[in-house]
Amino acid sequence: MTTPPLTRYDRSMLRLMNDRRAMPLYATAARRRSVVAAHLALTAAIGALMAYALPADGKPVWPLVAVVALLLPWMVATGAINGATRGLLELRERALDERQSEERARVQARAHRVTTLLLATAAVALLIVQLTGGASPKTYAGPLLLAVLAVHWLMPLWVAGLMVRDELTEEDEEDGHLAA
């Protein structure tokens, strides 16, 4: 089976995802963990502000203004994670080499397992609320479903950001060639 040639879009995305100008943001594992943690915190803050602002009439407009303000750092963090992974999840399959395709499959499998656990936890939480006679599960179902959907969508990105390894420096490569 032959791989279709790269389109202009594929080539431009490949160039974008391999642009190393933002590398100081994700050069080390600690920095990548910090970027993923910041992205997760920003996602939670945006979700909480939206959950607060949207359900009722007469709410102040400041939560929506805060959401708009948080979107810029959220997008920067998203870009940093995509840069660290060299577009592992953003590039089309035909733009990836064999190693990257295998890595994408590993990331997606791990993210799927984590998301499955979160879905099971959410389902159990709703059942416990219903069985204990607390507030109607309908009250929590909508926001919980949206939260789990957001996590399902972003989990592969977070997992990829945490799994990526440090890039070899020129010194590391020279040491590797000498040892071989």
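The values are calculated or read from the model by the stated rules, or taken from the named source; none is laboratory data. None of these values were measured; they are calculated from a predicted model. Reconstructed Cβ throughout: ideal geometry from the backbone, glycine too, with neighbour counts over all protein chains shown. Each accessible area value is taken on the protein alone, full model and side chains, heavy atoms only, with ligands, DNA and RNA left out. Shrake-Rupley method; radii C 1.70, N 1.55, O 1.52, S 1.80 Å.
At a glance:
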read-out: Test result for Arg94, closer than 28 Å to Leu6 by Cβ and touching a residue at least 60 places away in the same chain (Cβ under 8 Å); value: yes
read-out: Considering residues of segment 113-135 that are among the small types (Gly, Ala, Ser) and in a helix (DSSP H, G or I) only, the residue surrounded by the most Cβ atoms within 10 Å (Cβ to Cβ); value: Ala122
read-out: Filter result (closer than 18 Å to Arg113 by Cα and open to solvent by less than 70 Å² (accessible area, probe 1.4 Å)) within segment 141-153; value: Ala147, Val148, Ala150, Val151
read-out: Unmet criterion (only one of (1) loosely packed, with under 11 Cβ neighbours inside 10 Å; (2) modelled with pLDDT of 80 or more; (3) closer than 30 Å to Arg32 by Cα; (4) not hydrophobic (A, V, I, L, M, F, W, C)) for Pro156; value: (1)
read-out: First in segment 119-138 and of a type outside the set (A, V, I, L, M, F, W, C), second anywhere and modelled with pLDDT of 80 or more and part of a helix (DSSP H, G or I), Cβ under 6 Å, 6 or more apart; value: Pro137/Leu126; Pro137/Val129; Pro137/Gln130
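So that you can scan it fast, the table gives a plain yes or no per residue for (1) in contact with a Gly (Cβ under 9 Å, 6 or more places away or on another chain); (2) among the β-branched types (Val, Ile, Thr); (3) touching a residue at least 24 places away in the same chain (Cβ under 8 Å); (4) within 18 Å of Arg165 (Cβ to Cβ):
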residue: Leu25; (1), (2), (3), (4): yes, no, yes, yes
residue: Ala30; (1), (2), (3), (4): no, no, no, yes
residue: Ala53; (1), (2), (3), (4): no, no, no, no
residue: Ala66; (1), (2), (3), (4): no, no, no, no
residue: Trp74; (1), (2), (3), (4): no, no, yes, no
residue: Thr78; (1), (2), (3), (4): no, yes, yes, no
residue: Thr85; (1), (2), (3), (4): yes, yes, yes, yes
residue: Glu90; (1), (2), (3), (4): no, no, yes, no
